[in-house]
Amino acid sequence: MAECHPVAFQWVMEARRRGTKVIHVDPRFTRTSALADRHVPIRAGADIVFLGALIHHVLSGGHDFREYVVAYTNAATILREDYADTEDLDGLFSGWDPGEHGYDPKTWHYQGGPETRRHPPESGARHAEVGGAHQYGSGGPVVHHHGERDETLEHPRCVYQVLKRHFARYTPELVEEVCGVPLEAFAEVADAVVANSRRDRTTAWVYSVGWTQHTVGVQYIRTASILQLLLGNMGRPGGGILALRGHASIQGSTDIPTLFDLLPGYLPMPNAYDHGDIGSYLADAAGTTGFWGNKRSYLVSLLKAWWGEAAREDNEFCFEYLPRLTGDHGSYATVMGQIDGTVKGYFVVGENPAVGSSGGKAQRLGLAALDWLVVRDMTLVETATFWKDGPELETGELATESIGTEVFFLPAASHVEKAGSFTNTQRLLQWRHKALDPPGDCRSDLWFFHRLGLLVRDRLRGSTLQRDRPLLDLTWDYPSEDGEEPSPEAVLKEINGTGPDGKALSAYTELQPDGSTSAGCWIYTGCYAGDSNRTARREPWRDPVVRDGEPAAMVAPDWGWAWPANRRILYNRASADPEGRPWSERKRLIWWDAASGTWSGGDVPDFERRKPPDYTPAEGATAQDALSGVDPFIMQTDGKGWLFAPTGLVDGPLPAHYEPAESPYPNPLYGQRANPARQRFERPENPANPPETPVYPYVLTTYRLTEHHTAGGMSRPLSYLSELQPEPFAEISPELAAEAGVRNGEWVTVLTSRTAVEARALVTRRLRPLRVMGRVVHQVGMPYHWGWGGDGLVTGDAANDLLPIVLDPNVHIQESKAVTCALFPGRRPRGAELLDLVERHRRAAAPAPIGDPPVWKEERT
Amino acid sequence: MGVAKWIGAWPVVRQLAGEDPRREGARSRRTEEIRPRTGEADEVVRSVCPYCAVGCGQLVYVKDGAVTQIEGDPDSPVSRGRLCPKGAASKQLVTHPGRRTEVLYRRPYGTEWERLGLDEAMDMIADRVVRTRAETWQDEDEGRKVRRTLGIASLGGATLDNEENYLMKKFYSAAGIVQVENQARI
């Protein structure tokens, strides 16, 4: 955090100054470790064991926050008799279908719950459809609100008891064996977490892509969620699981998704199997209880924002205009489509996948197979120049004269040359005012996409083809100050939504299911309330804000605007006990004020303001009316925090430790070594390192530096930043340096079955060998900011070229934080010799010749 | 000015004479006359750092139609005026000489970039979208209605504004382009 989000880290330091204990769990010792009370080095890829052992510690020691757990989670809910756990099936849950490489999740459901419907059998890259993970948006799948419960938590099939059995073998001794974390270090962490999780104290977990970029990435976050729910740390000040995201508006581009599986506001994109009409979509896409029960209002308002007058009740508000999904259409699947010739045109906008994505060679082979490519950026990134200077030209795999891709490079406006909003990592929308016009041909992306839409519509004008109606009927007229660029405030107002009078709506609760309102992203409704741009509010706020001895504002409510409804802490109903009283004075945030009959406090309540704690829903109630006064998780159909996920995940209802797809070790817990449901691309462009092979004996993890940004497009062209971090390096321990015969500052070559890259050896105690499963494992750390050229002032091999394309099956993110590699002294060979080197190791590794000497050792003699 | 006064104004003399040697005593007349360029700005525009997702407040100083400085916004409850090395370099991000301001074009099998007018480029791109979309259009996939093209894909969005992402998703969806992705899962 101190490295990659240094300015946010000041608040951790502030907390530490006030007595907070800060623990840093990371394979590497970083600037964060230097400022923490304790650094706990861990083997990359073993976090579910670490977190699972904390869960075991809490459950076996009776440390859970029992009143919170019983009232606010599904701990008491009873599961079906035919559910079988990984403890019963040696690493598989019930429902595994080996032919399909996927699960049928029906046995994971609550006792008495509805049968989970399942898509027609799919296989390969489409197996994720079987579980239907990306059908659910953030609402999660449907569960029956009134499941069978045992609030004594003693029923053998209640979630609490199932959890206890599931995590029984996740002991401190297992942590020592699998993670390489000594008993004493684990005990310190466990004691600190328990001591700081109770009525008057909370613990927060902060993570980034070190947790997500795994074949079990979603289950990492699930493990942390279970722990935090058991400890009562969700929805409370100082609690939570906080994702630190890496781009200025990566949160905004998830909320208003340039993502294949979502529509704005986490409505799922319709699929071809189940969503033939609006009725079947609404029946399937989310539950009828909780705030997703209003999904028809959210969807119809979106369709009205997009198709305006053309969207009418009698044509289902143009629902049929939406294209349908048939599987994974994520970026790696897209790249395979490029190589196979199905994807012919590609827009790359402020991103540099030729350097930034795993398995860079596949990216470049994909680019070289396109008919046309449009790159919009501020400088020439490698994705634009691959045909002129890409590494495959040197190896002879590609030649400029035989690459048929037509490339358009369009220069982009900078953040000060356009107005607009970013949504930061805490869901806060902040407006940027425009300082000046962009130079030359530089334009905003607002200008580009609006203009492109106009030009495409011009060309289709008069078309009678059904397929062109969605474009021709699209609302695309925006006011403009200069006659060229749409007014960004007009676009924000459309996102916010308007009522029949054309005025901006104030809250998403005003949205209607009948087409009388429109809203481009329902969770953002309110950001333009009163026809005033709330995201541009800049009322300073100084800590502490205390008036008359009372905390007047516990957040900064008038700086920007946070979705939803300007709430700063989600699910904050849980900051009060079931009766509506703060769990403690020290940790109070919102509470039920019986005198006024409302929830009040230091934040906008994430609960209906006038729903009392003793409210009980009537039989058959829907939407928010179906949730009681003690159901804080209002987007869930049952209003409860899910310790056990009865549906919605494709790789299991509980997290289980699986080794990374590429690991030097077997799985000591189960016969099932890696995540059985992981998404694979078994293709020649994507070779895999076999597990447990001495050819690739070390663990490789990639990371970022303070002085660079992602694939370098916004940092390598800058002299200040290039001087601060001029070239790639590989961090290795003195012990590994001695074993490999490398000295600090010398060249080192890191090799996987994809390629070999060279970097300077940074021999440092910041990385230390760990003892795992009876032997020492070395870890190699590499920042990934460099590429071979483009407009960068500094160059270097791209570390991401080393990585495999193997994905988490729920969200299709790649495993880039824990793979295996070889390492040896000296620079890598050039040209075709590089291919020979990689190929020789690949042959030596397959089939895994355990016990054979690594090939590089022979070469050194 | 008398010689004594002139000599007495030398910082080294003042430092030796007992003024705080690291503060007032070190000030030369030239130092006294220096004014920060932020003080001479025509306009100070409130902005947000374009790098990571923390969302640090920035103040953009503009003089004569050019950015002269970008500093942290002390009012921001997110950042309290601080910027990291990247945020502090963002003036260079927008003003450095290597920034591209012209459209470039590489024709199929070409070996060099060529110049192209912006309007011409936009027309050519629109032509290609229309053509590829028509050539790869699917009304159905294995008998199921899909109304889409898998011939066109898009990557990027996390570095852009909400309003830009919105127009992208809106346009792509209406065009039947489903392979729309950004940095969020990479």
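Checking every one of the trypsin sites (Lys or Arg not before Pro) in the stretch A:788-851 against DSSP loop status and a limit of 14 other Cβ atoms within 10 Å picks out A:ARG827, A:ARG830. Peptide B:56-68 has a mean of 3 when you count, residue by residue, the C-beta atoms of other protein chains within 10 Å of its C-beta.
Counting Cβ atoms of other protein chains within 10 Å of each residue's Cβ and taking the mean over peptide A:239-252 gives 6. For trypsin sites (Lys or Arg not before Pro), the sites in the stretch A:585-661 that DSSP calls loop and that have at most 12 other Cβ atoms within 10 Å are A:ARG586, A:ARG609, A:ARG610. Summarising the overall dimensions of chain B from its C-alpha atoms, the Rg and Dmax are 27.8, 99 angstrom.
Could you sort A:432-444, A:734-746, B:18-30 so that the peptide with the highest average Cβ count within 10 Å comes first and the rest follow in order?
Output ranking for A:432-444, A:734-746, B:18-30: A:432-444, A:734-746, B:18-30.
The stretch A:687-750 and the stretch A:572-600 have their alpha-carbon centroids 50 Å apart. Sort the protein assembly as shown into rounded, prolate or oblate with this rule: let a ≥ b ≥ c be the square roots of the eigenvalues of the Cα gyration tensor; rounded if a/c is under 1.5, and if a/c is not under 1.5, prolate when a/b is larger than b/c, oblate otherwise. Taking the square roots of the gyration eigenvalues as a ≥ b ≥ c, the protein assembly as shown is rounded. Legend: P(r) of the stretch A:1-101 from all alpha carbon pair distances, 10 Å bins from 0, whole percents, reading 12, 25, 29, 22, 12, 1.
How big, in percent, is the set of alpha carbon pairs in the stretch A:684-743 lying more than 19 Å apart? Mind dumping the intermediate values first?
Details: 966 of 1770 pairs.
For the stretch A:684-743, the share of Cα pairs beyond 19 Å comes to 55 percent.
With a cut-off of 19 Å on the backbone N, the residues of the stretch B:75-95 near the modelled label site 7 Å out from A:LEU724 along Cα-Cβ are B:79-95. When both the stretch A:639-654 and the stretch B:125-171 are represented by their alpha-carbon centers, they are found 33 Å apart. With an a/c value of 1.5 or above and a/b not larger than b/c for the gyration tensor axes a ≥ b ≥ c computed over the alpha-carbon atoms, the stretch A:483-617 is described as oblate.
Using alpha carbons only, what's the Rg to Rh ratio of the stretch A:307-359 with Rh from Kirkwood?
1.18
Contact order for chain A, expressed relative to its length and based on alpha carbon pairs under 8 Å spaced 6+ residues apart, stands at 17 percent. For the stretch A:644-792, the spread of Cα coordinates along the three principal axes comes to 52, 38, 33 Å, biggest extent given first. Need one word for the stretch A:1-43: rounded, prolate or oblate. Basis is the Cα gyration tensor (sqrt eigenvalues a ≥ b ≥ c); a/c below 1.5 gives rounded, then a/b vs b/c decides. Oblate, because a/c is 1.5 or more while a/b does not exceed b/c.
Peptides A:150-158, A:759-767, ordered by how many other C-beta atoms sit within 10 Å of their residues on average, highest first, read A:759-767, A:150-158. Take each residue in B:117-125, count the other chain C-beta atoms within 10 Å of its C-beta, and the mean is 5.
Given a cut-off of 20 Å, name the pairs among A:LYS304/B:LYS170; B:LYS63/B:LYS91; A:LYS106/B:LYS145; A:LYS503/A:LYS611; A:LYS106/A:LYS817 whose C-alpha atoms lie farther apart than that in the structure shown. Correct reply: A:LYS106/B:LYS145; A:LYS503/A:LYS611; A:LYS106/A:LYS817.
What do the square roots of 5 times the Cα gyration tensor eigenvalues come to for the stretch B:118-185, in whole Å, largest first, as semi-axes of the equivalent ellipsoid?
Sorted largest first and rounded, they come to 22, 18, 9 Å.
Taking 1.567 mPa s as the viscosity and 4 °C as the temperature, the Stokes-Einstein diffusion coefficient of the stretch B:37-95 based on its alpha-carbon Kirkwood radius rounds to 114 µm²/s. When you filter the trypsin sites (Lys or Arg not before Pro) in the stretch A:1-46 for DSSP loop state and at most 10 other Cβ atoms inside 10 Å of their Cβ, you are left with A:ARG18. By the Kirkwood approach, averaging reciprocal distances over each pair of separate Cα atoms, the stretch A:218-337 gets a hydrodynamic radius of 17.0 Å. If you take the Cα centroid of the stretch A:64-87 and the Cα centroid of the stretch B:52-121, the two points sit 51 Å apart. Taking chain B as the reference, fit the longest principal axis to its C-alpha atoms, fit the long axis of helix B:162-175 to the helix C-alpha atoms, and give the angle between the two in degrees, 0 to 90, nearest 10. For helix B:162-175, the angle is close to 10 degrees.
Since every read-out is calculated from the coordinates, none of them should be taken as a lab result. As the structure is a prediction and not an experimental result, all values here were calculated from the model. Ideal geometry is used to build each Cβ from the backbone, glycine not excepted, and the neighbour counts take in all protein chains shown.
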